[in-house]
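Student: Please see the structure below; I have some questions.
The values are calculated or read from the model by the stated rules, or taken from the named source; none is laboratory data. This structure is a prediction, so every number in the text was calculated from the model and none was measured. Counting neighbours? That spans all protein chains shown, and the Cβs are built from the backbone with ideal geometry, glycine included.
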Amino acid sequence: MSRKKAVIIGSGIGGLSLGIRLQSLGFDTTIFEKLDAPGGRAYVRRAEGFVFDMGPTVLTVPHFIEELFSLESGKAALGEPDFPSEVMDPENRIKSGTTSGPATSKYVNIVPILPFYRIYFDDGTYFDYDGDPESTRRQIEAIEPDDLEGYEKFHAAAKAIFDRGFVELGYTYFGNIGDMLKVAPDLIKLDALRPLLSFVKDYFKSPKLQQVFSFEPLLVGGSPLSVPAIYAMIHFVEKTWGIHFAMGGTGELVKGFVRKFEELGGTIQYNAEVSKIDVEGSLFGKKTAKGIELKDGNYHAADLVASNGDYANTYMKLIDSKYRLINQDLKVKLTRQSMSVLVIYFGFKADGLEDLDLQHHNIILGPRYEALLKEIFDKKVLSPDFSQYLHIPSLTDPSMAPPGHHAAYTLVPVPNNGGNINWDIEGPKLTDKVLTFLEERGYIPNLKERLVYQSHITPDYFEGTLNSYLGNAFGVEPILIQSAFFRPHNQSEDIQNLYLVGANTQPGGGTPSVMMCAKMTAREIAKNFDVPQEIVNGVATTPEVATV
Ligand SMILES: Cc1cc2nc3c(=O)[nH]c(=O)nc-3n(C[C@H](O)[C@H](O)[C@H](O)COP(=O)(O)OP(=O)(O)OC[C@H]3O[C@@H](n4cnc5c(N)ncnc54)[C@H](O)[C@@H]3O)c2cc1C
């Protein structure tokens, strides 16, 4: 019997994760990638001996990675518990040394990072967040002793949200509204549906602590002013399984996923932009995806098509409107897109900087928080001040820079292209302002003199290179009315055999979520294609338990 053919558009972490899962389910999968290399947002820029991960740098939930590397052909393990007792057991949560599970270690070396983040306030003081309750309490006491009691309550509330919202419901696919109504009362009881910052303010009086316990959704494109408080679970996800780094950079993880996918028999074509999803049927009747057409005119037939590309672009640019009853242009255009980012990649001489007062991950907050968030997300204007996330991977892995140098990137949240900003003009200006700030505030003394490499990307990169509508950096914005059932569906409501995978769809953005998404999409595909249960539930022989 010939194998069913699957086509995936895009080789982001979501596309690669789905590719691995489809190969394990027995499909014959080809990934078509527009760029010349894999990773999507996790593409790697190499220049003058420096290695820059262009996007994700903070890895969480290493057992999701281990799960993917453990799959074998014909053994899709989709029936296994998503959070096996081993990974929930505190004894197995390693705080130091390597955290690669046995299957992961064959592909990439993943190590924990401590502290998770150093969070600098505008007055130059900082908070080192490392998930250790004792050190957290000590630092809270130094900032605002009255908030200690609030922290204990916040901790309990965030844990309850994590237990229900992530461990129990994280993998629930909300394909119909009934599934959502069933869980809504629980989430209301947990107070998980109101905006995160308002939730955090109930527990902390100090504006500094309000920022420390609410900034994390910004790393997946959500505003603390509008993401639902269910995102308080990020705090707990990090505390439970730590924050990790792939030695050599996230690009090494991507490389590992590509190798795994190819070992399972999958194929990737680069420089292969898909220009059309071929659909057969009629607007009010049944519609079926039959294959894809590439920009160069080549056609590839398929039994199923999965798009890892942007939600809005997939529907509006790749599928004729005559096949879209639900995802019509108007609905797609009304969907709120996440913010964008300006990211500066830079390499600098490290001589004399042995006592650099920075960590691997640094959040440098500006003078304003809420007003800045409103300008980025709602008013879509360029603010006079900024906050940034400064990443210096060469502090952990010196091989990312030439000897005697550091490789760094700093990410500044900015509005998406729904505003009116000319990035050809503003990009270089903001880049200079940010680097000057890092030098003048003493974060990196004499930075300008030390610089040996510098480049930057703006929302135009996301729009033009990654095909993301309005240059969004994180896909559809994670707000309550775009969550669960109301988020784009992993299985198209319009077209049979068309699936979506990645940050735009359920459960949402961020590397762990897109891996979860791939599993959820694979489960729907296995069901719809009647993949035999022995394959769906088959488990590779792994005598050794993956410790994370
Ligand atoms: C700067 C930045 C920093 C981030 N930091 C973190 C972090 O530290 N931790 C974390 O967990 N998350 C982080 N994120 C979020 C995370 O990177 C994303 O959620 C995740 O990588 C998205 O993966 P994806 O599979 O959805 O798709 P993408 O990475 O968006 O990949 C989609 C792919 O589809 C391709 N494509 C699009 N259209 C076509 C077409 N027509 N034909 C062929 N190919 C096409 C694109 O070229 C791309 O390769 C960050 C994001 C950014 C932008």
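Student: Got a sec? Which of 433, 429 is among the basic types (Lys, Arg) and more than 24 Å from residue 211 (Cβ to Cβ)?
Tutor: Exactly one residue qualifies, and that residue is 429.
Student: Related question: Can you pull out the helices (runs of 4 or more DSSP H) entirely within the stretch 458-539 that have at least 3 residues that are crowded, with 24+ Cβ neighbours inside 10 Å and either touching a residue at least 12 places away in the same chain (Cβ under 8 Å) or in contact with a strand residue (DSSP E or B) (Cβ under 8 Å, 6 or more places away or on another chain) (or both)?
Tutor: Fully inside the stretch 458-539 and qualifying: 511-528.
Student: Restricting to the stretch 378-390, give me the number of residues that are assigned to a loop (DSSP other than H, G, I, E, B) and within 17 Å of residue 429 (Cα to Cα).
Tutor: Of the residues in the stretch 378-390, 7 are assigned to a loop (DSSP other than H, G, I, E, B) and within 17 Å of residue 429 (Cα to Cα).
Student: Among the residues of the stretch 31-60 satisfying the criterion of being buried (at least 19 other Cβ atoms within 10 Å of the Cβ) and more than 9 Å from the ligand (Cβ to nearest atom), which is nearest to residue 309 (Cα to Cα)?
Tutor: 44
Residue by residue, here is whether (1) among the acidic types (Asp, Glu); (2) in contact with a helix residue (DSSP H, G or I) (Cβ under 8 Å, 6 or more places away or on another chain); (3) within 16 Å of the ligand (Cβ to nearest atom); (4) in contact (Cβ under 8 Å) with a residue 12 or more places away in the chain holds:
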site	(1), (2), (3), (4)
73	no, yes, no, yes
104	no, yes, no, yes
119	no, yes, yes, yes
133	no, yes, no, yes
139	no, no, no, yes
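Student: Which one is nearest to the ligand (Cβ to nearest atom), of the residues in the stretch 281-313 that are of a type in the set (Ser, Thr, Tyr) and farther than 30 Å from residue 473 by Cβ?
Tutor: Selected residue: 299.
Student: Moving on. What do you reckon, is residue 162 among the aromatic types (Phe, Trp, Tyr), out of contact with any strand residue (DSSP E or B) (no Cβ under 8 Å at 6 or more places or on another chain) and within 16 Å of the ligand (Cβ to nearest atom)?
Tutor: Taking the combined requirement at face value, the residue does not satisfy it.
Student: Looking only at the stretch 254-277, decide whether some residue is among the small types (Gly, Ala, Ser), in contact with a strand residue (DSSP E or B) (Cβ under 6 Å, 6 or more places away or on another chain) and under 21 Å from residue 513 (Cα atoms).
Tutor: Checking the stretch 254-277: not a single residue is among the small types (Gly, Ala, Ser), in contact with a strand residue (DSSP E or B) (Cβ under 6 Å, 6 or more places away or on another chain) and under 21 Å from residue 513 (Cα atoms).
Student: A follow-up question, please. Please go through the stretch 408-435 and give me each residue that is assigned to a loop (DSSP other than H, G, I, E, B) and either at pLDDT below 95 or touching a strand residue (DSSP E or B) at 6+ places or on another chain (Cβ under 9 Å) (or both), ordered by number.
Tutor: 415, 416, 417, 418, 419, 420, 421
Student: If you don't mind, another one. Which pairs do you get when a residue that is closer than 17 Å to residue 462 by Cβ and among the acidic types (Asp, Glu), found in the stretch 27-43, comes within reach of a residue that is more than 6 Å from the ligand (Cβ to nearest atom) and outside any strand (DSSP E or B), reach meaning Cβ atoms under 6 angstrom, with the pair 6+ apart or on two chains?
Tutor: 33/270
Student: Looking at this structure, is residue 447 of a type in the set (A, V, I, L, M), away from the ligand (no atom under 16 Å from the Cβ) and closer than 30 Å to residue 464 by Cβ?
Tutor: Yes, satisfied.
Student: Another question, then. Can you give me the ranges of the strands (runs of 3 or more DSSP E) entirely in the stretch 295-377 with at least 1 residues that are buried (at least 23 other Cβ atoms within 10 Å of the Cβ)?
Tutor: Hits in the stretch 295-377: 304-307, 340-349, 361-364.
Student: Another question about this same structure. When you go through 317, 322 one by one, which is the residue that is away from the ligand (no atom under 16 Å from the Cβ) and under 30 Å from residue 176 (Cβ atoms)?
Tutor: One residue alone meets the criteria, 322.
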